[in-house]
Amino acid sequence: MICHTDGLVLRGFRMSESSKVVVLFSRDYGKLRLVAKGARRPKSKFGASLEPMTWGRYVFYRQDNRELQILSEGDIAHAFEPVKQHYGRMAAGSAICEFLDHITEDEDRNPLLFSIALEAMRWVGSIAEIALDVPVWYFQIRAAGAVGYRPHMSGCVQCGARLQRHRLGFSPGLGGTLCDKHAGVGMRVQFETVNFMAHLQVGRPDRIDLSLLRGVNRAEVTRILRAFFDQHIESRYRPKALDFFERLRAAEPALPYGAGIQDL
């Protein structure tokens with residue numbers, strides 16, 4: 001069967017001297033593994049459409065019960081050039097793509113997750129460099145909801161109480177935030193951190209109030225997300241690109257963002 005779909009290229013690897021396998025997260029079919037015959041030749045008909053972090057339109061031959069499908073055409077819809085031409089942005093985009101690969105199964109259709117990934121990639125290309133963490137956090141938080149692991153951020157997961165500006169907690173096992181009364185059973189977190197994460201969970205990139213970053217601690221958000229996904233996503237490894245991005249950002253001046261906030 002001949003199939004047409006939009007997709008985001010997550011990664012690729014060599015199959016033979018002239019061909020490669022491309023891992024594509026598609027709008028209509030979920031994650032696909034496609035054989036692109038001749039893609040490694042200098043004058044391949046696929047051009048740059050199979051490069052990682054590329055959104056394109058693809059045609060492939062699909063056969064049930066087959067792990068590798070045959071790709072026949074690929075055209076670029078958006079190359080995300082601002083992401084690929086900047087070291088920090090490329091690290092953020094790679095983290096998003098590998099994390100998407102990490103949390104999805106083959107051919108598990110999820111159009112919402114596809115849309116969230118494209119939103120996050122666009123945002124990586126346009127946001128101020130000082131706030132590059134934000135699209136990566138946004139993708140992790142929104143993706144968790146799209147695959148059925150939405151963290152509870154709007155109140156206490158234990159008793160339902162509204163969160164106040166006191167000592168708060170976050171429990172990876174319980175899957176959400178804890179009020180002052182129950183904070184002792186979870187990780188200690190600041191109100192500003194929880195508030196911003198909740199904002200990312202319900203907002204779209206053009207509606208996110210980046211001024212809220214003033215009180216957010218980068219290391220705290222990273223620790224919460226790492227613990228949450230370690231608890232809820234079964235895997236033997238952590239995405240290397242995400243680890244690299246977190247180390248890259250940790251080497252830079254820590255949040256709060258201070259004077260740079262006016263540039264956001």
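Points to keep in mind about this one:
- Some residue of segment 195-217 being under 22 Å from Glu246 (Cα atoms), basic (Lys, Arg), part of a helix (DSSP H, G or I) and over 16 Å from the mean Cα position of the chain (by Cα): yes
- Residues within segment 51-78 that are part of a loop (DSSP other than H, G, I, E, B), closer than 28 Å to Arg122 by Cα and either modelled with pLDDT under 95 or out of contact with any strand residue (DSSP E or B) (no Cβ under 6 Å at 6 or more places or on another chain) (or both), tallied: 2
- Scan of segment 37-75 for residues that are of a type in the set (Val, Ile, Thr) and under 15 Å from His4 (Cβ atoms), ordered by number: Val59, Ile70
- Filter result for the condition that a residue is surrounded by 17 or more Cβ atoms within 10 Å (Cβ to Cβ), in contact with a His (Cβ under 7 Å, 6 or more places away or on another chain) and aromatic (Phe, Trp, Tyr), over Trp123, Trp55: Trp55
- Residue list for segment 5-29, filter: part of a loop (DSSP other than H, G, I, E, B) and crowded, with 16+ Cβ neighbours inside 10 Å: Met15, Ser19, Arg27, Tyr29
- Single residue of segment 30-50 satisfying the filter (in contact with a Phe, Trp or Tyr (Cβ under 8 Å, 6 or more places away or on another chain) and not in a loop (DSSP other than H, G, I, E, B)) that is farthest from Asp101 (Cα to Cα): Ala36
- Condition broken by Ala241, with the remaining ones in (1) assigned to a loop (DSSP other than H, G, I, E, B); (2) under 16 Å from the mean Cα position of the chain (by Cα) satisfied: (1)
- No other residue among Ala92, Ala36 is hydrophobic (A, V, I, L, M, F, W, C), without any contact (Cβ under 8 Å) to a residue 60 or more places away in the chain and either surrounded by 16 or more Cβ atoms within 10 Å (Cβ to Cβ) or not assigned by TED's automatic domain parsing to the domain that holds Glu252 (or both) apart from Ala36.
The values are calculated or read from the model by the stated rules, or taken from the named source; none is laboratory data. Computed from a predicted model, the values in this text were never measured in an experiment. No Cβ is skipped: glycine too gets one built from the backbone with ideal geometry, and neighbour counts run over all protein chains shown.
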